[in-house]
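Every number in this text was worked out from the coordinates using simple rules, so none of it is lab data. For clarity, every value in this text was computed on a predicted model and none was experimentally measured. Neighbour counts are summed over all protein chains in view; Cβ atoms, including those assigned to glycine, are modelled from backbone coordinates with ideal geometry.
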Amino acid sequence: MTSIDVRDLSKEYGGRRAVDQLTFSVRPGRVTGFLGPNGAGKSTTMRLVLGLDRPTSGTATIGGHPYAALREPLRRVGALLDARAAHGSRTARDHLRALAASNRIPDRRVDTVLEETGLAQVARRRVRTYSLGMRQRLGIAAALLGDPEVVLLDEPANGLDPEGIVWIRTLLRRLAREGRTVLVSSHLMGETAAFADHLVILGRGRLLADTPVQEFIHARVRPHVRIRTSEPSALDDLLARHGLDASPDPDGSRTVWHTRVDDIGRLMSGAGLPVLELTAREATLEEAYLDLTAAEAEFTAPPQEA
Ligand SMILES: Nc1ncnc2c1ncn2[C@@H]1O[C@H](COP(=O)(O)OP(=O)(O)OP(=O)(O)O)[C@@H](O)[C@H]1O
């Protein structure tokens, strides 16, 4: 089983730290979502892992070895960094065949990944005629070509239509189920929550969180229930009597924190209060992420202009 291990990794560009003393591991058999605001250092970290850039200090290894030391790297690690990387004048099929030939990957893999990424019907068209979503699929096809144990994808859902987004989610889940190590950056919180088991979150080049998705959400967002009744003041009295923390919403409903619909429902029916609405609010990854990044902004000085 192959992990990605990042240890004390730093990268400076002209004295500015894009990646700052980063340490984390990406484990096999799960999808790790790689999150952080624009400029947080996600792409730089991926490039360092892939040996496309040299660290200022620290190490990034795959299965204990730097990428540059891997034999037949495409058979070990597949990556999508920039969907524009393919030559526009080539057909998708020729692009993949050239990649396969230079990495001693059997030609039959080309047809397999074209099928897998839904490009088989358009494989003989030149890449320059492709939409962004089709290029994205081609980049993913190239990443999967060597049947690698480790897959790194930088914003793979970029440009995909709703059907493509469902497809990528299913693909990522399958890759993890097959025991592969999958690191995926994204700005789409709803999507990340749908495909990721684990999160690594960066802010200004530093590690902010390395945690299972569910633990992260539950630690940062309180569960709550929304209630609407025709007798709001009686409801307020009832909630206060039971020591429940409630806040009024603009439409007259109440949000009650740290509680469940079953408990509130029982309480209201016991008190004979009419229930017009009673809804459990599931905490979302977006809420938890925004809570983390807001806390981070509060405790970090703004960057100095040069
Ligand atoms: N080749 C480079 N030369 C100079 N600065 C760079 C270079 N590559 C990245 N940076 C800087 O490093 C920082 C991190 O950028 P990076 O692209 O890694 O962030 P990111 O988290 O991937 O952002 P996004 O979500 O916008 O893709 C940014 O301030 C960026 O301007």
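In a DSSP loop and with at most 16 other Cβ atoms within 10 Å, the GluC sites (Glu not before Pro) in the stretch 235-290 are 282.
Think of each Lys and Arg Cβ as +1 and each Asp and Glu Cβ as -1; about the Cα centre, that makes the dipole of the stretch 222-281 roughly 200 debye. In this simple spin-label model, placing a label point 7 Å from the Cα along the Cα-to-Cβ direction at both residue 275 and residue 129 gives a separation of 5.9 nm.
Would you be so kind as to identify which of 207, 63, 279 lies farthest towards the positive end of the dipole of the chain, taking Lys and Arg as +1 and Asp and Glu as -1 on Cβ and the Cα centre as origin? My answer, from the dipole projection, is 63.
The magnitude of the dipole of the chain, with charges of +1 and -1 set on the Cβ of Lys/Arg and Asp/Glu and taken from the Cα centre, is near 1680 debye. In a DSSP loop and with at most 12 other Cβ atoms within 10 Å, the trypsin sites (Lys or Arg not before Pro) in the stretch 14-87 are 71. Length gained on full extension, residue 108 to residue 242: 41.5 nm, using 0.36 nm per residue less the C-alpha separation. Take the Cα of residue 251, go 7 Å toward its beta carbon, and the backbone nitrogen atoms of the stretch 258-278 under 11 Å from that spot belong to 277-278. Between residue 3 and residue 234, the modelled label-to-label distance comes to 5.9 nm, taking each label 7 Å out from Cα in the direction of the beta carbon.
Pick out, in residue order, every one of the GluC sites (Glu not before Pro) in the stretch 130-196 that is DSSP loop and has at most 16 other C-beta atoms within 10 Å; say none if there are none.
Numbers: sites: 149, 163, 178, 191; in loops: 149, 178.
Sites meeting the loop and neighbour criteria: 178.
Multiplying the sequence separation of residue 163 and residue 266 by 0.36 nm and subtracting their Cα-Cα distance, what value in nm do you get?
Details: separation 103, 0.36 × 103 = 37.08 nm, distance 4.16 nm.
The residue 163-residue 266 span can extend by a further 32.9 nm.
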